[in-house]
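The values are calculated or read from the model by the stated rules, or taken from the named source; none is laboratory data. Because the structure is a prediction, the values reported are computed rather than measured. Quick reminder, even Gly has a Cβ in these numbers, built from the backbone with ideal geometry, and neighbours come from all protein chains shown.
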Amino acid sequence: MKKFLFLAVALMGMAAVSAQPTIERPKLVVGIVIDQMRWDYLYTYNNMWRPDGGIRRLLDGGYSCGNTMIDYLPTFTACGHSCVYTGTTPAFNGIVGNTMMVHGKPIASVQDSTVTGVGTTTDKGKASPRNMLVTTIGDQLKLGTDMQARVVGISLKDRAAILPAGHGANGAFWYDEKVPGFITSTYYMSKLPQWVERFNKDNKKTMKNYDLWNNRNGVTMTFEMAAAAIDGEQLGQDDVPDLLAVSISTTDYVGHAWSTRSLQLDSIYDQLDIDLAKFFKVLDQKVGKGNYLLFLTADHGGTHNYKFMTEHHMPSETIGNGSLEKMVNGKIQEKFGVEKAIKGHMAYNWFLDNEALAAAGVDREAVKREIISLLERDDRIAWVIDFEHPYGRSIPREVVDRAVKGYYPARCGELYLIPNIGVYSGSHDGKGSTHGTWNQSDTHIPLVFYGWHVPHGERFERNGMTDIAATIAAMLHIQAPDACIGQPIPFK
Ligand SMILES: [Zn+2]
């Protein structure tokens, strides 16, 4: 009798196991980052968006988080792409700039001398995600599905393909105009997949005839490459969710060259509207309506051209770091006898020559105080943050918190310049836009979710860029990236 009872209980147990509901998940997660897209472009271009275009479909069917901000400094491309997919800031993920100090040398964010190019012989292939210190949402998707999920990154820019795809990606593909064609590195594979070879061959003519970085064809080619990846890598074709990270770079190049309200940029966004609509149709057809979860966002915004702003009596100015550095070093030498107390700068990060200061036997803190005081006397600079004592002075939390969230000691300078609103580091050729600071132009980004389990709606409660990965993780019931500090966004 006991035996029968045991058997019955065992069978009941098995029945219970087989009756477990499956975890509902989309077949494919699609992340689209539009490089340098300001939040207000969704509305600035309202009259340009086609009734059957991609942006109307997104806004009319998706859920817009209309008050999404970047919560760290500096607002640059590598930092933005890393933050979207790691759900955390440069202080945690280590991607503190497009160029950063690694082991005492300035290198590009994805530069990796231990790998070589695949599909190219140029240095553009020497790239990997190794400088990023934490997992991405794609990595977590892999870990959460016994590595069965497939994860792919596509962009013209290396960093915009590599950082979003993460460490465990099946592949990341970026553009080398010298080939011309999409390439990858030995970090991922030893040979280009057949579908990439074919794509490059089929599009050779367009790639040879157009500068994809600065032409509408750059937008089209990136979306077409992403569509080819769906077939080539069999994304969204089974019940295990995959991830496709796409980033459009041409918007950023043309913004830098021609600024926010130029005809040139209008033309690029017009193309984006057309190509996004086509890409939606590809997803509908290959993955199925309602089977994919898509989000569209940006890595940072962009300011209006400074001459344009000046003409209209709005605050705007630039800082030539070189002359400022020369002035500071001259004054410090006069007072403390140290020849070059500032050894260099990278955008808003300023580096002390600690060896020179130690050799001269000067009071390092006194030198720092003097440098800060000299810089803050400049009309274009609001505050200089001393990363070793960031909260020691009366600097608003909105600013100092953002700077600290971008501070990874081994890769950053000791001092961080916060210019006044409208003031930017570097010189301009007079035509372009730029970004990098904490103001609304640079930090207010679009964020629209669309598709699987996303209702139509809009919210204006404050969200951070770090909330994107947290939201995707929550919706998929997978662990958020390891250093994620965001919160899942409720759709209501
Ligand atoms: Zn960018």
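Quick look at the numbers
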quantity	calculated
Qualifying residue in the stretch 460-469 (condition: in contact with a helix residue (DSSP H, G or I) (Cβ under 6 Å, 6 or more places away or on another chain) and without any contact (Cβ under 8 Å) to a residue 60 or more places away in the chain)	no
Conditions (1) in a helix (DSSP H, G or I); (2) within 16 Å of the ligand (Cβ to nearest atom); (3) hydrophobic (A, V, I, L, M, F, W, C); (4) surrounded by 22 or more Cβ atoms within 10 Å (Cβ to Cβ): number failed by Phe223	(2)
Selection from the stretch 358-390 of residues that are in contact with a strand residue (DSSP E or B) (Cβ under 6 Å, 6 or more places away or on another chain), outside any helix (DSSP H, G or I) and either in contact (Cβ under 8 Å) with a residue 40 or more places away in the chain or more than 22 Å from Ala91 (Cα to Cα) (or both)	Arg380, Ile381, Ala382
Qualifying residue in the stretch 27-42 (condition: in a loop (DSSP other than H, G, I, E, B), out of contact with any strand residue (DSSP E or B) (no Cβ under 9 Å at 6 or more places or on another chain), in the same structural domain as Ala165 (by TED's automatic domain parsing) and at pLDDT 95 or above)	yes
Top-ranked residue of the stretch 391-403 - restricted to ones that are touching a strand residue (DSSP E or B) at 6+ places or on another chain (Cβ under 8 Å) and modelled with pLDDT of 95 or more, ranked as farthest from Ile485 (Cα to Cα)	Ile395
Matching residues, the stretch 90-115, being on the phi < 0 side of the Ramachandran plot, touching a strand residue (DSSP E or B) at 6+ places or on another chain (Cβ under 9 Å) and away from the ligand (no atom under 16 Å from the Cβ)	Met101, Val102, Pro106, Ile107, Gln111, Asp112, Ser113, Val115
Residue, farthest from Ser247 (Cα to Cα), within the stretch 89-106, restricted to residues that are among the β-branched types (Val, Ile, Thr) and over 11 Å from the mean Cα position of the chain (by Cα)	Val102
Number of the exception - Asp231 against (1) away from the ligand (no atom under 16 Å from the Cβ); (2) part of a helix (DSSP H, G or I); (3) touching a residue at least 40 places away in the same chain (Cβ under 8 Å); (4) closer than 19 Å to Pro164 by Cβ	(4)
From the options Arg411, Arg393, residue that is touching a helix residue (DSSP H, G or I) at 6+ places or on another chain (Cβ under 9 Å) and free of Cβ contacts under 8 Å to residues at least 12 places away in the same chain	Arg393
Tally of residues being free of Cβ contacts under 8 Å to residues at least 24 places away in the same chain and more than 16 Å from Leu415 (Cα to Cα) across the stretch 331-354	3
Of the criteria (1) within 16 Å of the ligand (Cβ to nearest atom); (2) modelled with pLDDT under 95, which one Asn321 fails	(1)
Selection status of Val328, without any contact (Cβ under 8 Å) to a residue 40 or more places away in the chain and crowded, with 19+ Cβ neighbours inside 10 Å	no
Residue selected from the stretch 25-74 under the condition under 19 Å from Ile268 (Cα atoms) and of a type in the set (Asp, Glu), by the criterion nearest to the ligand (Cβ to nearest atom)	Asp35
Which numbered condition Asp401 fails, given (1) under 22 Å from the mean Cα position of the chain (by Cα); (2) crowded, with 22+ Cβ neighbours inside 10 Å; (3) not small (Gly, Ala, Ser)	(2)
Residue match in the stretch 258-271 (condition: away from the ligand (no atom under 16 Å from the Cβ) and within 20 Å of the chain's Cα centre (by Cα))	no
Helices (runs of 4 or more DSSP H) enclosed by the stretch 153-217 - at least 1 residues per element that are over 25 Å from the mean Cα position of the chain (by Cα)	194-202, 204-209
Test: residue in the stretch 131-141 that is of a type in the set (Asp, Glu), at pLDDT 95 or above, within 21 Å of Cys83 (Cβ to Cβ) and within 16 Å of the ligand (Cβ to nearest atom)	no
Residue match in the stretch 303-323 (condition: surrounded by 13 or more Cβ atoms within 10 Å (Cβ to Cβ) and farther than 24 Å from Ser425 by Cα)	no
Of residues in the stretch 432-467 being within 16 Å of the ligand (Cβ to nearest atom) and part of a helix (DSSP H, G or I), the one surrounded by the fewest Cβ atoms within 10 Å (Cβ to Cβ)	Ser441
